[in-house]
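Here's the structure we're looking at; comments come further down.
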Amino acid sequence: MRIGILGAGAMADALGTRWAAAGHELMVAGRTESKARELAGRWGGRSGSFREVAEFGEVALIAVLYQGMAATLDGIGDALRGKAVIDCNNPVEVERFTLVTRPGVSMAQHIEQVTGGHVVKAFNLCHADVWRMEPPVFDGRRLVVPYCGNDPEAAELATRLIADIGCEPLRVGDLGHAHHLEAMAAVMISLLYGGLDTRSAFNLVADTRAG
């Protein structure tokens, strides 16, 4: 699968490294071009402008800080229209650990409205160090990755990419649920700032005993 990665920070590094190992073809863009080139070299991929990377991918991962989201979307233009887009971002300010988006409106919904892409919210509940685990397993259980989105084909691509890093996909509904996932992330971020180990995660468990 061709994956365009928009951003060259820790999340882009962690997820891109795992997807490159799974055999996907990657292209990356970042505000710091040298970081993007370094990642591309490690992945055996390419780097380019934000628009070039958006045009390249069958699916795009947007992995930038919310403070840089507007500039990133401006650079993309209409290149993501009709494409699958994975949003792993959290619009959380870290003084009070609250969402900066309007009440009831998620960053994922904003990205879908601006780009015309088919956005899936996923990979936003864990620190990058969790995605570097090969695979992410806690107490013998694979990490469950909640995701949500409106478009079935985009959601299917997201489930494949979740499975490719050894995790279990869990659909939680349409993109309206992205606001809830972002609020959950605010709780996790506050715990991480409070000293919780970065390789920590919320995980869904079920009693599998017969009867």
Calculated FRET efficiency, ARG37 and MET1, Cβ-Cβ r, R0 22 Å, to nearest 0.05?
0.50
VAL114 to GLU95: extension gain in nm, 0.36 nm per residue of separation minus the Cα-Cα distance?
4.1 nm
Starting from the Cα-Cα distance between LEU204 and ASP129, subtract it from 0.36 nm times their residue separation and give me the gain in nm to one decimal.
25.1 nm
If you count the DSSP beta bridges with both ends in the chain, what percent of them are antiparallel, to the nearest 5?
20
Summed over the other residues with a beta carbon less than 15 angstrom from that of MET27, with K and R at +1 and D and E at -1, the charge totals 0
Please arrange ARG31, ARG81 by how many other C-beta atoms lie within 10 Å of their C-beta, fewest to most.
ARG81, ARG31
Theoretical gain in end-to-end length, LEU170 to VAL187 [0.36 nm per residue, Cα-Cα removed]:
4.2 nm
What number in nm² do you get for the chain if you take the convex hull of its Cα atoms and divide its surface by four?
12.0
Can you give me the Kirkwood hydrodynamic radius for the range 60-157, using every pair of distinct Cα atoms, in Å to one decimal?
14.6
Once every DSSP H run of n ≥ 4 in the chain is given -39500 (n - 2.57) and the sum is divided by its residues, what mean residue ellipticity at 222 nm do you get, rounded to the nearest 500 deg cm²/dmol?
-11000 deg cm²/dmol
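Read-outs: derived from the displayed coordinates by stated rules, not from any lab. These numbers come from a predicted model, not from an experiment. Methodologically, a virtual Cβ is constructed for each residue, glycine included, from the backbone with ideal geometry; neighbour enumeration extends over all protein chains shown.
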